[in-house]
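This report refers to the structure that appears directly beneath it.
The values are calculated or read from the model by the stated rules, or taken from the named source; none is laboratory data. Since this is a predicted model, take the numbers as computed values, not measurements. Positions of Cβ are generated from backbone atoms using ideal geometry, with glycine treated the same way; all protein chains shown enter the neighbour counts. Keep in mind that these areas ignore ligands, DNA and RNA; they rest on the heavy atoms of the full protein, side chains included. Shrake-Rupley method; radii C 1.70, N 1.55, O 1.52, S 1.80 Å.
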Amino acid sequence: MSRPVATADVRTIDREGLDALIRALGAQGRRVIGPVLRDGAIVTGPVTSVDDLPAGVVDHQEAGGYHLEGQGNGALFHHGVGPHTWKRYLYPPVRTLWTARRVRRGFETTPNAEPTPRQAFLGVRGCDLAALSALDRVLRDGPYADPCYAACRAEALVIAVNCTRPGGTCFCVSMGGGPKVAAGYDLALTELPGEDRHVLLVEAGSEAGAALLAGLPSEPADRAALAAAEARLAEAVDSMGRDMIPDVAQVLRDGLTSGHWDDVARRCLSCANCTLVCPTCFCSTVEDVTDLTGGEARRERRWDSCFTLDFSYIHGGHIRRGGDSRYRQWITHKLAHWHDQFGTSGCTGCGRCITWCPVGIDITEEAKAIKNREGRT
Amino acid sequence: MAAKRPKLAVWKFSSCDGCQLSLLDCEDELLAVAEAVEIAYFLEATRAEVRGPYDVSLVEGSISTPHDAERIHKVRRKSRALITIGACATAGGIQALRNFHDVDDFVRSVYAHPEYISTLAKSTPIQDHVPVDFELRGCPIDKFQLLEVLNAFLNGRKPNIPRHSQCVECKLSGTVCVMVAKGEPCLGPLTQAGCGNLCPSCDRPCYGCFGPKETPNTASLADWSVRCLGRDERQVRHMFRAFTAYAEPFRKESEAHE
Ligand code: SF4
Ligand code: SF4
Ligand code: SF4
Ligand code: SF4
């Protein structure tokens with residue numbers, strides 16, 4: 001994102017205008033990544049025209065369940081967030097950090113010099129903007145900055161979308177990050193699919209966004225359109241599928257020895273899906289790989305999760321052997337200790353971990369259960 | 001230099017040869033393997049035999065006959081490192097399905113002359129008989145994992161063979177979860193990663209070829225399959241009785257649904 005602009009006029013574009021935007025981003029040499037339909041879900045993938053977007057598809061999400069349905073109005077963004085997150089494009093699942101070659105004495109290393117991709121993210125929701133800002137604190141602004149993340153982030157444009165149809169597992173309102181996007185975008189869209197006219201409101205949030213918008217066929221937004229957008233957002237606020245208890249951080253700090261962890265452990269598979277779909281989980285491991293002769297080696301970084309046994313291996317053994325301690329590590333890190341470490345919550349309320357848990361374990365319900373068990377209701 | 005190449009032997013017990021073929025399937029890498037090690041015993045590839053002892057023995061297949069049970073001790077004695085490869089060697093294989101029934105009934109109904117058949121009551125993994133230095137899972141094994149294990153042993157380092165779930169591979173490669181999006185019970189959350197995400201990326205649930213992951217919670221997945229995905233006891237039992245049915249966590253879970 002480039003420098004933010006103070007106030008911005010709201011304009012409207014139509015489907016062709018959005019197509020022009022996608023093409024303009026492409027003409028800047030950017031890879032546009034946005035929502036696409038694949039294998040029965042709306043995931044993220046390359047988008048080269050408005051026809052690549054999932055027109056008229058809505059999703060239904062519940063704990064451990066996801067399915068799609070066709071809808072008549074041709075809306076492009078009437079779905080919640082899917083299983084992919086933007087961290088995939090800033091902090092890739094597997095990355096070679098450096099390669100090494102054996103020389104007469106010791107070895108010589110060559111850092112990975114892959115060029116930084118120029119990307120544009122289309123359809124970034126309020127919760128995902130909150131996630132990007134959380135990741136910025138960890139991977140860009142903190143003491144352990146990741147140069148690849150920082151470089152990719154600087155080169156990426158963010159085209160946000162105001163959520164007007166939250167999913168059944170969403171709770172961004174209780175986490176404060178949505179559904180209306182507040183800051184951190186280059187352009188923000190609000191879709192107004194209508195019987196006769198399908199338009200999108202557009203607001204610039206940065207100089208780069210304003211320059212892009214100036215090049216698009218657009219009109220000033222009329223009052224009716226602005227009111228319709230406000231009404232849709234208000235409706236979205238009221239249709240959150242879930243909510244998080246407000247005192248969750250303290251509840252978890254007080255509940256470290258709760259008997260409830262055993263109850264979760266009976267259900268939790270320690271499969272790691274929740275952490276890997278979470279837009280803010282940043283844990284990774286490094287592995288060294290050699291060739292058969294031992295002449296060449298490379299160091300690879302791979303996403304990891306506090307749900308794997310080896311994650312907590314230190315000399316002498318594994319610290320978190322059971323599902324109880326692994327689940328506790330996850331939920332207390334996200335909702336309590338993240339505040340101490342990074343000054344924000346590690347959870348944006350996107351609901352992905354609830355939807356994509358194969359056995360429907362729900363972070364909002366587990367938090368409530370701990371609270372009730374501790375007799376704080 | 002050439003004289004010092006470590007000696008590699010590949011042994012077959014009760015199995016289909018598929019795992020050994022994974023080594024031959026390493027087309028591009030095979031020359032490098034042949035340069036790095038002396039292939040001292042590998043009947044699938046060459047008739048030439050070099051006498052033991054061997055630095056690394058790869059053992060394919062389960063122990064299912066009295067002869068197997070004897071021979072594996074000889075192999076162990078001749079091998080510095082013994083690595084078992086595949087579901088047969090590490091879990092008893094698909095042939096271990098007979099362990100759930102009376103083997104004599106099978107022998108009588110299948111063979112015209114049952115008296116010629118010499119078999120053990122159960123097909124068991126190699127580690128039930130001799131100490132094993134490393135278990136490489138899979139049905140068949142993944143050739144990249146095989147190269148990784150050979151690499152690691154030749155270079156004296158720990159192999160990068162994670163024991164976490166298949167789900168991690170799904171998520172790393174961006175595959176949409178078939179269990180959540182299609183409502184199909186999937187063994188992936190209980191199964192060790194390693195296949196490169198083969199079935200879920202083809203819209204199929206995981207069949208558990210790589211055997212149980214570390215700390216598999218079989219009861220929870222079975223319960224969810226019945227309560228939320230509409231499967232009955234028989235279907236749950238069959239789900240756990242596939243290529244790694246005799247691996248202990250899967251065996252116990254299938255028996256709980258008898
Ligand atoms: S913890 Fe769950 S709801 Fe919160 S940000 Fe992560 S995936 Fe989303
Ligand atoms: S919840 Fe677990 S995987 Fe996520 S950031 Fe924290 S320790 Fe890492
Ligand atoms: S909470 Fe669900 S997704 Fe997370 S590790 Fe446990 S079973 Fe897997
Ligand atoms: S498809 Fe199976 S292996 Fe993949 S994430 Fe879903 S449950 Fe796990």
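The residues of region B:134-175 that are among the β-branched types (Val, Ile, Thr), open to solvent by less than 20 Å² (accessible area, probe 1.4 Å) and either within 12 Å of another protein chain (Cβ to nearest Cβ) or within 16 Å of ligand 4 (Cβ to nearest atom) (or both), listed by number, are B:Val149, B:Val168, B:Thr175. Have a look at A:Arg328, A:Arg320 and point out the one that is away from ligand 1 (no atom under 16 Å from the Cβ), open to solvent by 30 Å² or more (accessible area, probe 1.4 Å) and not acidic (Asp, Glu). None of the others qualify; the one that does is A:Arg320.
Each residue in region A:129-165 was checked for being in contact (Cβ under 8 Å) with a residue 12 or more places away in the chain, in a loop (DSSP other than H, G, I, E, B) and either under 30 Å from A:Arg301 (Cβ atoms) or within 13 Å of ligand 1 (Cβ to nearest atom) (or both), and 2 of them qualify. Among helices (runs of 4 or more DSSP H) entirely within region B:45-155, having at least 1 residues that are within 21 Å of B:Gly208 (Cα to Cα) singles out B:86-91, B:143-154.
Screening A:Arg266 against (1) within 30 Å of B:Val226 (Cβ to Cβ); (2) within 15 Å of ligand 4 (Cβ to nearest atom) leaves a single unmet condition, (2). For region A:260-307, taking the residues that are of a type in the set (S, T, N, Q), touching a Lys or Arg at 6+ places or on another chain (Cβ under 8 Å) and within 8 Å of chain B (Cβ to nearest Cβ), the one that is farthest from ligand 3 (Cβ to nearest atom) is identified as A:Thr290. Taking the stated definitions as given, is A:Thr285 in contact (Cβ under 8 Å) with a residue 12 or more places away in the chain, within 16 Å of ligand 1 (Cβ to nearest atom) and either of a type in the set (A, V, I, L, M) or open to solvent by less than 50 Å² (accessible area, probe 1.4 Å) (or both)? Answer is no for this residue. For region B:176-199, which residues satisfy the criterion of being open to solvent by 20 Å² or more (accessible area, probe 1.4 Å), at negative phi and assigned to a loop (DSSP other than H, G, I, E, B)? B:Glu184, B:Cys195, B:Leu198, B:Cys199 - these are the residues of region B:176-199 that are open to solvent by 20 Å² or more (accessible area, probe 1.4 Å), at negative phi and assigned to a loop (DSSP other than H, G, I, E, B). Could you tell me whether region A:202-212 includes any residue that is in contact with a Ser or Thr (Cβ under 8 Å, 6 or more places away or on another chain), open to solvent by 10 Å² or more (accessible area, probe 1.4 Å) and not in a strand (DSSP E or B)? Yes: one or more hits. If you go through region B:122-133 and keep only what is within 19 Å of B:Leu82 (Cβ to Cβ) and either of a type in the set (A, V, I, L, M) or surrounded by fewer than 23 Cβ atoms within 10 Å (Cβ to Cβ) (or both), you end up with B:Thr124, B:Ile126, B:Gln127, B:Asp128, B:His129, B:Val130, B:Pro131, B:Val132, B:Asp133. Inside region A:85-112, residues that are free of Cβ contacts under 8 Å to residues at least 60 places away in the same chain and either surrounded by 17 or more Cβ atoms within 10 Å (Cβ to Cβ) or of a type outside the set (A, V, I, L, M, F, W, C) (or both) make up a count of 10. Out of all the residues in region A:27-78, which are more than 14 Å from every other protein chain (Cβ to nearest Cβ), within 21 Å of the chain's Cα centre (by Cα) and assigned to a strand (DSSP E or B)? Hits for region A:27-78 are A:Arg31, A:Val32, A:Gly34, A:Val58.
Inspection of region B:213-225 finds no residue satisfying the criterion of being more than 11 Å from chain A (Cβ to nearest Cβ) and surrounded by 17 or more Cβ atoms within 10 Å (Cβ to Cβ).
Hey, could you check region B:211-250 for residues that are outside any helix (DSSP H, G or I) and of a type in the set (A, V, I, L, M, F, W, C) and say which is nearest to the chain's Cα centre (by Cα)?
Looking at residues that are outside any helix (DSSP H, G or I) and of a type in the set (A, V, I, L, M, F, W, C), I get B:Phe243.
All told, A:Ala120 falls short of being more than 18 Å from the chain's Cα centre (by Cα), in contact (Cβ under 8 Å) with a residue 40 or more places away in the chain and open to solvent by less than 10 Å² (accessible area, probe 1.4 Å).
Kindly establish whether A:Asp340 is surrounded by fewer than 16 Cβ atoms within 10 Å (Cβ to Cβ), part of a helix (DSSP H, G or I) and not polar (S, T, N, Q). Don't jump to the end; show me each part of the working.
Numbers: surrounded by fewer than 16 Cβ atoms within 10 Å (Cβ to Cβ): yes; part of a helix (DSSP H, G or I): yes; not polar (S, T, N, Q): yes.
Considered against the rule, which asks whether it is surrounded by fewer than 16 Cβ atoms within 10 Å (Cβ to Cβ), part of a helix (DSSP H, G or I) and not polar (S, T, N, Q), A:Asp340 comes out as yes.
Please pick out the residue among A:Gly360, A:Gly346 that is part of a loop (DSSP other than H, G, I, E, B), over 21 Å from B:Thr215 (Cα atoms) and either among the small types (Gly, Ala, Ser) or away from ligand 1 (no atom under 14 Å from the Cβ) (or both).
Working: A:Gly360 fails: over 21 Å from B:Thr215 (Cα atoms).
None of the other options fit; the residue is A:Gly346.
Look at (1) more than 16 Å from ligand 2 (Cβ to nearest atom); (2) away from chain B (no Cβ under 14 Å); (3) in a loop (DSSP other than H, G, I, E, B) and you find that A:Gly168 fails only one, number (2).
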